[in-house]
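Only one structure is covered here, and it is reproduced in the block below.
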Number of protein chains: 2
Amino acid sequence: MPTTRTFDRYPTRVANEPRIIDRTDPVVAASAREPGAGPLTTEQVDAFERDGLLFLEDVFTKDETDRYLAELHRLSADDELRAQERVITERGTDEVRSIFEIHRVSDLFARMARDARLADVTRQLHGEDVYLHQTRVNFKPGFRGKEFYWHSDFETWHSEDGMPTPRAISASIALTDNTEHNGPLMVMPGSHTRFVSCVGETPDDNYRSSLQAQEVGTPDEDSLSQLAAEFGIVAPKGLAGSVVFFDSNIMHGSNGNITPFARSNAFFVYNAASNALEGPFAASAPRPSHIAHREVEVLPRS
Amino acid sequence: MPTTRTFDRYPTRVANEPRIIDRTDPVVAASAREPGAGPLTTEQVDAFERDGLLFLEDVFTKDETDRYLAELHRLSADDELRAQERVITERGTDEVRSIFEIHRVSDLFARMARDARLADVTRQLHGEDVYLHQTRVNFKPGFRGKEFYWHSDFETWHSEDGMPTPRAISASIALTDNTEHNGPLMVMPGSHTRFVSCVGETPDDNYRSSLQAQEVGTPDEDSLSQLAAEFGIVAPKGLAGSVVFFDSNIMHGSNGNITPFARSNAFFVYNAASNALEGPFAASAPRPSHIAHREVEVLPRS
């Protein structure tokens with residue numbers, strides 16, 4: 001049974017009508033602008049607070065991304081790994097779409113997840129220690145890469161994983177070049193200040209299908225049209241090695257990809273240590289730990 | 001039975017291996033650069049010859065595109081029209097994807113097809129009279145617009161309709177704004193100088209499924225990768241009222257569209273009067289006349 005709480009500031013999947021709720025939690029910690037707080041300038045912290053988004057180019061070198069990409073291909077050809085639950089295939093084919101808990105199956109990606117170039121940014125914005133809530137790699141191959149429909153990650157993490165507040169920051173690291181043509185991440189900058197309460201009830205074991213194509217927890221078209229009209233849509237484009245940091249509650253998605261050029265990325269979610277998971281807010285049982293890590297294993301500071 | 005000819009310079013759907021053939025026919029007529037030949041400058045004719053593509057903005061006014069868009073919505077709600085073969089719905093839904101022979105069902109679109117701003121350009125490039133080989137409107141709605149996979153129109157028009165040479169020019173008129181986000185037309189500029197011979201045999205009545213999602217006549221991934229490496233990919237973006245003219249043999253396609261913003265366009269194909277259809281080059285019977293007009297009805301010069 002879902003945990004019953006006296007008051008949930010982010011109710012979702014509980015009513016028949018969607019609605020848009022103002023976010024009450026801060027986006028960045030007050031300490032983020034203090035001298036020595038971390039690698040970001042005050043302007044960058046301001047931009048993240050306003051947009052829910054920060055795009056940095058040349059974070060990783062070409063040598064590094066080449067190494068990561070080779071590791072990605074090695075993993076996707078690993079039949080033993082493929083048989084595990086942490087590997088999600090495309091609906092209707094056995095092509096690998098995502099590998100979850102990538103930091104547990106690859107030392108190389110484990111190092112990337114702990115890398116100060118990523119973790120220090122999120123520690124600065126959170127003003128405290130962080131741990132990995134979720135890690136994965138997404139493939140989006142050329143010719144037939146499928147779309148990811150609009151969603152707020154926090155909507156799912158709150159309802160199905162029990163994340164109390166939107167104090168998680170995702171880092172999406174481009175392992176291949178992102179162009180306007182190969183289905184880059186699209187976000188509505190500023191939409192992290194609104195919470196779209198979705199309709200429907202979470203079915204048991206929803207994650208088994210939702211990671212291929214989400215149905216429950218999908219925002220309604222009216223809410224999406226309102227957000228798009230208010231905030232617009234941007235798609236950061238950059239070479240392999242660029243990183244998009246984004247707020248857990250930002251509305252985002254991506255189109256499919258018919259170009260010959262794959263759009264592969266690594267995706268790490270840095271949750272504030274004080275924002276540990278509780279019971280799910282709108283699901284009968286939490287999702288398995290390879291999708292939502294339930295232990296707070298604080299990342300060591302470098 | 002397919003017409004047997006002694007020599008076909010653009011063989012396709014006849015062998016088990018794909019191959020890339022150099023185009024032997026000219027792209028523009030010698031007369032296209034003569035003074036008074038038409039509205040395009042010599043530089044624009046050069047660009048079309050080189051790229052197979054010409055993008056013109058502000059060809060139609062906002063008032064005009066608003067009127068065309070209203071007509072489009074009126075037609076898509078017309079149940080009697082919807083029951084006709086000329087209306088193609090999306091695979092798996094009854095949402096309208098395309099309406100063929102639009103110049104026969106709408107006086108407004110018939111006027112647009114004859115408009116000198118379109119027809120004069122194609123007459124200039126062809127150096128002769130033109131007629132409408134195919135006309136249609138495409139909807140590509142917001143949220144769930146489907147992709148059009150890579151293809152050369154001429155490959156289909158040659159094999160299934162019997163168009164002898166790639167002397168047809170398409171005009172795609174934006175009825176809504178085209179952005180980088182809502183699945184704009186992508187082309188490989190220069191690819192009109194290569195003909196990708198496709199594998200497979202045309203099934204009977206292929207058009208019934210191919211207009212929802214093409215299978216036979218689809219270029220292979222190696223050929224597409226080669227063309228993309230040689231020519232790159234561009235996607236002209238512009239407000240409603242802009243027009244892309246493109247060569248019938250250019251490799252093009254478009255991604256899906258999850259944004260709230262529809263990408264609707266009108267699409268008219270101006271074939272050179274001397275390039276009238278023969279029997280299909282690789283199909284047992286020609287497609288119906290609402291898809292490929294078999295009568296050469298020369299458009300009046302204004």
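Quick notes on this one:
- Nearest-20 debye value, region A:42-275 charge dipole, Cβ charges on Lys, Arg, Asp, Glu: 480 debye
- Peptide A:144-150, shielding by other chains (average Cβ, 10 Å cutoff): 3
- Taken residue by residue and averaged, Cβ atoms of other chains lying within 10 Å of the Cβ of A:182-193 number 1.
- Distance violations [Cα-Cα > 19 Å] among A:Lys140/A:Lys237; A:Lys62/A:Lys146; A:Lys140/B:Lys140; A:Lys237/B:Lys140; B:Lys62/B:Lys146: A:Lys62/A:Lys146; A:Lys140/B:Lys140; A:Lys237/B:Lys140; B:Lys62/B:Lys146
- On the beta carbon distance between B:Asp22 and B:Glu215, with R0 = 25 Å, the FRET formula returns roughly 0.45.
- A DSSP coil position with no more than 16 other Cβ atoms inside 10 Å describes the following GluC sites (Glu not before Pro) in region A:115-174: A:Glu128.
- Shielding by other protein chains, A:286-299, mean Cβ within 10 Å: 0
- Computed over protein heavy atoms with a 1.4 Å probe, the accessible surface of region A:29-154 works out to 45 Å² per residue.
- Binning the C-alpha pair distances of region A:42-275 at 5 Å intervals from 0 yields a P(r) profile of 1, 6, 14, 19, 21, 19, 12, 5, 1, 0 %, listed from the shortest bin outward.
- Accessible area buried, both sides summed, chains B and A with 1.4 Å probe, Å²: 2000 Å²
- Label point 7 Å beyond Cα along the C-beta direction, distances from B:Ala116 to other copies (nm, shortest first): 7.1
- Accessible surface for region B:177-241, divided over its residues, is 39 Å² per residue with a 1.4 Å probe.
- When trypsin sites (Lys or Arg not before Pro) are flagged only if DSSP places them in a loop and at most 12 other Cβ atoms lie within 10 Å, the longest unflagged stretch of chain A comes out as A:92-300.
- Label-to-label distances for B:Asn16 across copies, nearest first, come out at 6.1 nm, using points 7 Å from Cα in the beta-carbon direction.
- Each other copy holds its own label point for A:Asp46; taking that point as 7 Å from Cα along Cα to Cβ, the gaps run 4.7 nm, nearest first.
- Considering only alpha-carbon pairs that sit under 8 angstrom and 6 or more positions apart, the relative contact order computed for region A:42-275 is 37 percent.
- Farthest positive-ward along region A:42-275 dipole, Cα basis, beta-carbon charges - from A:Tyr68, A:Thr165, A:Ile258: A:Tyr68
- Normalised Debye scattering of the protein assembly as shown at q = 0.11 Å⁻¹ gives log10 I(q)/I(0) of -1.05, counting only Cα atoms as equal scatterers and leaving out solvent.
- For region A:115-154 and region A:6-37, distance of Cα centres in Å: 18 Å
- Solvent-accessible area, 1.4 Å probe, carbon plus sulfur percent, for chain B: 49 percent
- Prolate/oblate/rounded label for region B:1-147 (Cα gyration tensor, a/c 1.5): oblate
- Note on B:Ala116 and B:Glu295: the extension gain reaches 62.3 nm, defined as 0.36 nm multiplied by sequence separation minus the Cα-Cα distance.
The values are calculated or read from the model by the stated rules, or taken from the named source; none is laboratory data. No experiment lies behind these values; they were computed from the predicted model shown. Every residue, glycine among them, receives a Cβ derived from its backbone with ideal geometry; neighbour counts consider all protein chains shown. Each accessible area value is taken on the protein alone, full model and side chains, heavy atoms only, with ligands, DNA and RNA left out. Shrake-Rupley method; radii C 1.70, N 1.55, O 1.52, S 1.80 Å.
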